[in-house]
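Participant: Take this structure first; my questions come after.
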Amino acid sequence: MRMVFRWFGAGNDTVLLKHIKQIPGVEGIVWALHDIPAGEIWPVERIMEVKTEAEQYGLTIDVVESVNVHEDIKLGLPSRNKYIDNYKKTIAHLAGAGVKVICYNFMPVFDWTRTDLYREMEDGSTALFYEKAKVDRMDPAELVNNTASDPNLSMPGWEPERLKELSKLFQAYENVSEEDLWNHLAYFLKEIIPVAAEHGIKMAIHPDDPPWSIFGLPRIITNEANIERLLKLVDHPHNGVTLCSGSLGADPKNDISGMIRKFSDRIPFAHIRNVRRYENGDFIETSHRTTDGSVDIYGIVKAYHDMGFNGYARPDHGRHIWDEQCRPGYGLYDRGLGIMYLWGIWDALERRSK
């Protein structure tokens, strides 16, 4: 397991590279050029700037999260070919800088969805929270305002220039079914995977978060059967999945450890985090510790260990603890604690296997 840590860039993150370097076992950053709109080509100069910054602290830039997919590709519009060509050029540019994995998602309109960015927990910490009844009755515009209200920190997947056309986006998806979305994803992958393979990059789709439809929009990367279907769309080692225990873990029907064992050779990148589920469909993000949530983090790490996982992993969203002022879900302290919990499990398994 190769541990990495998400970093949003100089001036766009409260966490500094020198802090990341001090977390035991972390060898690289997970990064992106968040100011470049979906569909545009990532310039080589900008990519190399990040590489230079990271290497000053001995950190790699092997994993990118995310190269966002333009909405026209998801909608299957004739204009998608232009954006797919741009995506191919970005893949080539990233490969030239040594990138090995590109994480992306195929969620219409919204990326991850939460109703409260700082819900207080019993111990006084705060965390990302999803209230099902609120989503069921709220206006999507209200969700956008709540999530992207901080002008100082970009929120990946909630880019203002794209979401200002919210009503038009919803109209565009009115007649797009889940099967249509599958067809559009297949078209994209058939174009992209040969290029990624040529350049030695593995594409790793992120599951939908949460793994069910919201506001009537189609969502398709939600469970084991759908991940299997995805991998068969283009049955190639470079067509893989970012297995996210938090996204998939919001649905109690998902057997995440089972998915790891089944798809281990197609998981180049793992997000490991915990959520506490409630019977009414709500969930809150907890510490990584198994007993604090509803997801068996021990079982997940054991599955990776049993399968000889040597891909990249990162602690996903953490709580906001010790009065840290940070981007929702992406502080230093709780993610640092999460890494040490994951290493503790891994090291114990290593010793037991000898």
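Participant: Binning every alpha carbon pair distance of the stretch 1-61 at 5 Å from zero, what are the percents per bin?
Facilitator: 4, 18, 30, 23, 14, 8, 2, 0
Participant: Take peptides 112-122, 314-324 and line them up by average Cβ neighbours within 10 Å, highest first, as a rough protection proxy.
Facilitator: Values: 112-122: 16.7, 314-324: 21.1.
Highest mean packing first, the order is 314-324, 112-122.
Participant: I want to check the label-to-label distance for M48 and A10. Put each point 7 Å from Cα in the C-beta direction and report it in nm to one decimal.
Facilitator: Simple spin-label model gives 1.6 nm for this pair.
Participant: Another question about this same structure. Label points 7 Å out from Cα along the Cβ direction at A92 and W212: separation in nm?
Facilitator: 4.5
Participant: Right, here's the next one. Taking the convex hull of the Cα atoms, report for the stretch 1-153 its projected area averaged over all directions, in nm².
Facilitator: Working: hull surface 46.1 nm².
Computed as one quarter of the Cα hull surface, the answer is 11.5 nm².
Participant: Place a point 7 Å from Cα of E174 in the direction of its Cβ. Which residues in the stretch 43-83 have their backbone N less than 18 Å from it?
Facilitator: 75-77
Participant: Indicate the helices, whole DSSP H runs only, in the chain that combine a mean Kyte-Doolittle hydropathy of -0.5 or more with a Cα extent along their long axis of 15 angstrom or more.
Facilitator: On the way: long enough: 44-55 (16 Å, -0.54); 80-96 (24 Å, -1.01); 178-198 (30 Å, 0.04); 333-353 (30 Å, -0.30).
The answer, listed by residue number, is 178-198, 333-353.
Participant: Just to be sure I understand the curve: with the Debye formula and one point per C-alpha of the stretch 31-105, what is log10 I(q)/I(0) at q = 0.12, 0.14, 0.20, 0.28 Å⁻¹?
Facilitator: After summing over all Cα pairs, the log10 values are -0.33, -0.43, -0.81, -1.38.
Participant: Give the relative contact order (percent, whole number) for the chain; include only Cα pairs under 8 Å separated by 6+ residues. Walk me through the numbers on the way to the answer.
Facilitator: Working: 649 pairs, mean separation 61.0, N = 354.
The value is 17 percent.
Participant: Per residue and in cubic angstrom, what volume does the convex hull of the Cα atoms of the stretch 194-306 have? It would help to have the intermediate numbers written out before the result.
Facilitator: Details: hull volume 12.3 nm³, N = 113.
Measuring per residue, one finds 109 Å³ for the Cα hull of the stretch 194-306.
Participant: With Kirkwood radius over Cα pairs in Å as the read-out, I listed [x] 20.4; [y] 21.5; [z] 23.8; which label goes with the value calculated from this structure?
Facilitator: Identified label for the calculated read-out: [x].
Readers should treat all values here as calculations from the given coordinates under stated rules, not as data from a laboratory. Treat the numbers as computed from the prediction; the structure is a model and nothing was measured. Methodologically, a virtual Cβ is constructed for each residue, glycine included, from the backbone with ideal geometry; neighbour enumeration extends over all protein chains shown.
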